[in-house]
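The values are calculated or read from the model by the stated rules, or taken from the named source; none is laboratory data. As the structure is a computational prediction, the values presented were derived from the model and not from experiment. Don't worry about glycine lacking a Cβ; one is built from the backbone with ideal geometry, like all the others, and counts go over all protein chains shown. These accessible areas exclude ligands, DNA and RNA; they are computed on the full protein's heavy atoms, side chains included. Shrake-Rupley method; radii C 1.70, N 1.55, O 1.52, S 1.80 Å.
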Amino acid sequence: MAGTGKAHLKEKTDARLRVEDLVVEFQAKSGQRVHAVSGISFDILPGETVGIVGESGCGKSTVARAVMHLPQPTSGSVVLDNIDLTELSAEKLRESRVRMQLIFQDPIASLNPRRRVKDLVAEGVSIWNRGDDKARTESRVRELLESVGLDPDTIWNRYPYELSGGQCQRVSIARALMMRPELLICDEILSSLDVSVQSQMLNLLKRTKRELGLSLMFISHDLGVVKNISDRIIVMYLGKVAEVMDVEALDRETIHHPYTDLLLESVPKVTGERVFPGLPGEVQELPSPLNPPSGCRFRTRCPLATALCVEEEPQLEEKARGQFIACHNVASLSK
Ligand SMILES: Nc1ncnc2c1ncn2[C@@H]1O[C@H](COP(=O)(O)OP(=O)(O)O)[C@@H](O)[C@H]1O
Ligand SMILES: [Mg+2]
């Protein structure tokens, strides 16, 4: 696979999720195309947590939605347990989608404000599994609420507005687990929570993943949080993958993509924006996906950029053990 930018993919049959050449484009109001995601490939193994990190606007949520086919990607394939979702009928797609559950950033907005906790958690099952009897469903809702650290008796009849942000996210997790998914996609689910609640939630997710053998796609703008939970990390930049690495690489004296280095040095703000200490003011902002730079998309902000970077897009190559980096100017370490 050398030269295709897919050297980081595992054996096809091993993967729970395999995304290849994913492209998502939107039509902007001006009629121009928004190049939100421009040909990315990655996989997630059974029981593996893959983190996706990058600054706000780089396409993380678009990837999450495209994996769910909400909406269907512009091109590329999404294969879940060897089933290519792009080839499924609408009905079969709905069935496959249940095996993946997506949890969003805004805990209150993602729960129907007019439903009580017990109904919110049971909702999916009542839609999909009409035959399931009521007592069984109730006892499973109780069990799941307990497993996410909530007291069912206290919370049973509450509405979302009566819950804290952390409690809402716990309810969202219970609601997702109710469907017995194989893949859980968490999109910035900790970003609106206090740091102390964040670490409780990270522990909860790690435990749940281990107990249920789930695969996890964990999206965040915060490399520190992603590092805490992930087995592998994908660094995204303006709709492309800049680096894929085993999490251990972050603790090693090693090379990185220059963008990863910037992320490591920068200070994330709660909003998902970042302050890059090494960058002059005019390039603090991510370039527009309406008109991405030619060649390497990172070159306009990159301290290493050369003429080659303007002309030729670098592909992901294994440059150090467990590290695939798309950069013309990062030399390979002997592995
Ligand atoms: N429905 C849409 N229509 C037009 N542009 C969109 C739409 N959704 C996302 N975008 C644009 O795509 C880019 C990536 O967005 P997003 O995936 O939300 O980034 P992230 O989650 O990393 O912050 C942004 O420039 C965003 O404005
Ligand atoms: Mg997002």
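Some values worked out for this structure:
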| quantity | calculated |
| --- | --- |
| Filter pass, Glu318 being acidic (Asp, Glu) and farther than 30 Å from Phe26 by Cα | yes |
| So Phe42, is it within 20 Å of Glu188 (Cβ to Cβ), within 16 Å of ligand 2 (Cβ to nearest atom) and not β-branched (Val, Ile, Thr) | no |
| Counted residues, the stretch 15-36 - those being closer than 20 Å to Met245 by Cβ and either part of a loop (DSSP other than H, G, I, E, B) or hydrophobic (A, V, I, L, M, F, W, C) (or both) | 5 |
| Sole exception among (1) open to solvent by less than 10 Å² (accessible area, probe 1.4 Å); (2) modelled with pLDDT under 95 for Ser56, by number | (1) |
| Where Ser110 falls short, out of the listed (1) within 30 Å of Phe324 (Cβ to Cβ); (2) touching a residue at least 40 places away in the same chain (Cβ under 8 Å); (3) touching a helix residue (DSSP H, G or I) at 6+ places or on another chain (Cβ under 8 Å); (4) among the polar types (S, T, N, Q) | (1) |
| Of all residues making up the stretch 29-81, the number that are near ligand 1 (Cβ under 9 Å from one of its atoms) and acidic (Asp, Glu) | 1 |
| Residue within the stretch 87-97 that is under 28 Å from Arg18 (Cβ atoms), among the aliphatic types (A, V, I, L, M) and free of Cβ contacts under 8 Å to residues at least 12 places away in the same chain present | yes |
| Conditions (1) surrounded by fewer than 23 Cβ atoms within 10 Å (Cβ to Cβ); (2) in contact with a His (Cβ under 9 Å, 6 or more places away or on another chain); (3) in a loop (DSSP other than H, G, I, E, B); (4) modelled with pLDDT of 95 or more; number of the one not met by Gly47 | (2) |
| Phe42 farther than 27 Å from Gly224 by Cα and aromatic (Phe, Trp, Tyr) | no |
| 3 or more residues buried (at least 17 other Cβ atoms within 10 Å of the Cβ) and more than 16 Å from ligand 2 (Cβ to nearest atom): qualifying strands (runs of 3 or more DSSP E) within the stretch 223-333 | 240-246, 317-320, 323-325 |
| Counted residues, the stretch 130-145 - those being under 28 Å from Phe218 (Cβ atoms) and in contact with a helix residue (DSSP H, G or I) (Cβ under 6 Å, 6 or more places away or on another chain) | 4 |
| Scope the stretch 98-110; condition touching a Cys at 6+ places or on another chain (Cβ under 6 Å) and farther than 23 Å from Val19 by Cβ; matching residues | Pro107, Ile108 |
| Per-region count, the stretch 183-204, residues open to solvent by less than 40 Å² (accessible area, probe 1.4 Å) and more than 16 Å from Ile229 (Cα to Cα) | 1 |
